[in-house]
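In what follows, a single structure is set out as structure tokens and then discussed.
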Amino acid sequence: EGNASNEIKQITVAEAKDVVSSAGAQFIDVRTEAEYAGGHAPLPANFPLDALEKDLAKLDKNKPVYVICQTGRRSQMGAEILKKAGFSDIYNIQGGTSAWTEAGYPVEK
């Protein structure tokens with residue numbers, strides 16, 4: 001279905017950490033505001049899943065988007081929403097914030 005470049009790519013937190021530290025990466029956390037406030041990777045902006053479709057205009061379709069949640073399940077749903085909206089370079093971060101924290105990466109509150 002479609003071409004491979006439009007597939008949602010699965011990446012590890014280690015791969016994500018390398019990429020998102022580079023300028024211009026769009027990194028979004030689709031958890032609720034309360035979860036986000038409880039601790040998140042330093043870079044992602046909070047785009048709660050239930051409001052994501054309304055907020056898509058804030059994102060650039062021509063740049064890669066990295067999506068994180070708590071475990072990787074909601075971020076996959078978020079990635080599907082982005083894909084339907086015409087984004088083509090989408091990365092789902094496997095294991096989510098749980099894996100990020102377990103890896104000992106920095107977390108902000």
The lone exception for residue 57 - which of (1) more than 22 Å from residue 37 (Cβ to Cβ); (2) small (Gly, Ala, Ser); (3) under 13 Å from the mean Cα position of the chain (by Cα) it fails: (3)
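This table checks each residue for (1) without any contact (Cβ under 8 Å) to a residue 12 or more places away in the chain; (2) farther than 19 Å from residue 15 by Cα.
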{"position": "42", "(1), (2)": "no, no"}
{"position": "47", "(1), (2)": "no, yes"}
{"position": "59", "(1), (2)": "no, yes"}
{"position": "75", "(1), (2)": "no, no"}
{"position": "82", "(1), (2)": "no, yes"}
{"position": "87", "(1), (2)": "no, yes"}
{"position": "91", "(1), (2)": "no, no"}
{"position": "102", "(1), (2)": "yes, no"}
Complete set of residues in the stretch 87-102 that are out of contact with any strand residue (DSSP E or B) (no Cβ under 9 Å at 6 or more places or on another chain) and either open to solvent by 50 Å² or more (accessible area, probe 1.4 Å) or closer than 13 Å to residue 42 by Cα (or both): 88, 101, 102
Residue that is surrounded by the most Cβ atoms within 10 Å (Cβ to Cβ) [pool: residues in the stretch 13-34 that are without any contact (Cβ under 8 Å) to a residue 60 or more places away in the chain and among the acidic types (Asp, Glu)]: 15
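The values are calculated or read from the model by the stated rules, or taken from the named source; none is laboratory data. Worth saying up front: this structure is predicted, and the values here are computed from it rather than measured. Every residue, glycine as well, gets a Cβ built from its backbone with ideal geometry; the counts of neighbours run over all protein chains shown. For accessibility, only protein heavy atoms count, side chains too; no ligands or nucleic acids. Shrake-Rupley method; radii C 1.70, N 1.55, O 1.52, S 1.80 Å.
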